[in-house]
Amino acid sequence: MEYKFVSDSWGAAFSFPWAAAAPFIKECSEIQLKVLICALAGARYTTSAVLADAAGCSEADAMAAVNYWLERGVLCAEGVREDVHRFSGKNEPVSLVESVKPTQAAAVEKKVTVRYSQREMSEKAEKDATLKNLINEIQSLQFSINGTEFAKIIELYEYYKFDAPSILLAADYCRSAGKCSVAYLYTIMVNWYKEGINTYADVEEAMIKAAEVKSFENKIMRIFGMENKPSKKQREYIREWSKLGYNTELIEIAYNKCMDIKTKLSFSYIDGILKNWANGGITTSEQVAENDEQFKSKRAASAELSGASYDLDEFENFALNYGFGDQVRSSGRGE
């Protein structure tokens, strides 16, 4: 991997970004600290192999250390030098993979581009039997893997630190969903990583939850009579309802109320009804019916106390008796 770091001072005499690094010095590992020093003292353009050699660690550890400091805004990188390709032949194609964007604001907030040549990826697979077997197993699940897709699997394996069984389990999950795409697999696993999911047990649990959410989504679509797939916003509503534990019976009641009042499907309106019920501790259809009756009783009592009536027929009789009949008739009632 190649980097182009951004800093005010480089070389043997370098400026150490203490203000940014200080909070993380106590929690960082020895290798992470060594790599930081080597990165600051080295050349602006460098590679993970050079950093690994200088810090006395493996290239994978050097890459992980650089990403550790990038995420915390201590190191900044604009990308890679376009005219430097140490690992590729003259006409050898190069695959591009985007790594995780720094989570904290940095002086220069740009994505780091990771470049793997075909030769480098082949060398990695030859040196790591587990990685090689992983690629073969994923291909057996009907995934087609080109250079770019190979690089994404390497990134999941080396950068995000997912073990081979976890990646293979996730790949099988994608296949069962009819998504034999490394790009789809990559997106799902990176999202899991951001949620703190990185072990086999975590991945397994995430798959079970995802299946439950999908089943819940299908039920909601049937209740709402939806033929097309939900939009991104609609899917967010459905997932939120699932997380909050709303049962489909309650959602169907809210849907019917929405259609009675608005005469069209409105996720935001249904969401408002459900949240009002949740705030009132209403969790069953019986409680909804009881709440409706209480509301009607309170409204009737309030009208009786104020001497007002909201019955239009009664208002018409009142208007006719007191000489406002013509106005009522001209409005369309009483004819």
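Residues in region 255-283 that are assigned to a helix (DSSP H, G or I), modelled with pLDDT of 90 or more, under 19 Å from residue 225 (Cα atoms) and not aliphatic (A, V, I, L, M): 255, 256, 257, 258, 260, 267, 268, 269, 271.
Tell me the residue from 144, 166 that is buried (at least 20 other Cβ atoms within 10 Å of the Cβ) and not acidic (Asp, Glu), please. Step through it out loud before you land on a result.
Details: 144 fails: buried (at least 20 other Cβ atoms within 10 Å of the Cβ).
Only one candidate passes the filter, namely 166.
Restricting attention to region 165-191, the residues being small (Gly, Ala, Ser), outside any helix (DSSP H, G or I) and modelled with pLDDT of 90 or more number 1. For residue 305, the conditions (1) assigned to a loop (DSSP other than H, G, I, E, B); (2) among the hydrophobic types (A, V, I, L, M, F, W, C); (3) modelled with pLDDT under 80 all hold with the exception of (1). Restricting attention to region 192-243 and to residues that are among the small types (Gly, Ala, Ser) and in a helix (DSSP H, G or I), the residue that is farthest from residue 267 (Cα to Cα) turns out to be 201. Just one of the numbered conditions (1) at pLDDT 90 or above; (2) closer than 22 Å to residue 224 by Cβ is not true of residue 286: (2).
The values are calculated or read from the model by the stated rules, or taken from the named source; none is laboratory data. Values in this document were obtained by computation on a predicted structure and should not be read as measured data. Using ideal geometry, Cβ is built from the backbone for each residue, glycine included, and neighbour counts are taken over all protein chains shown.
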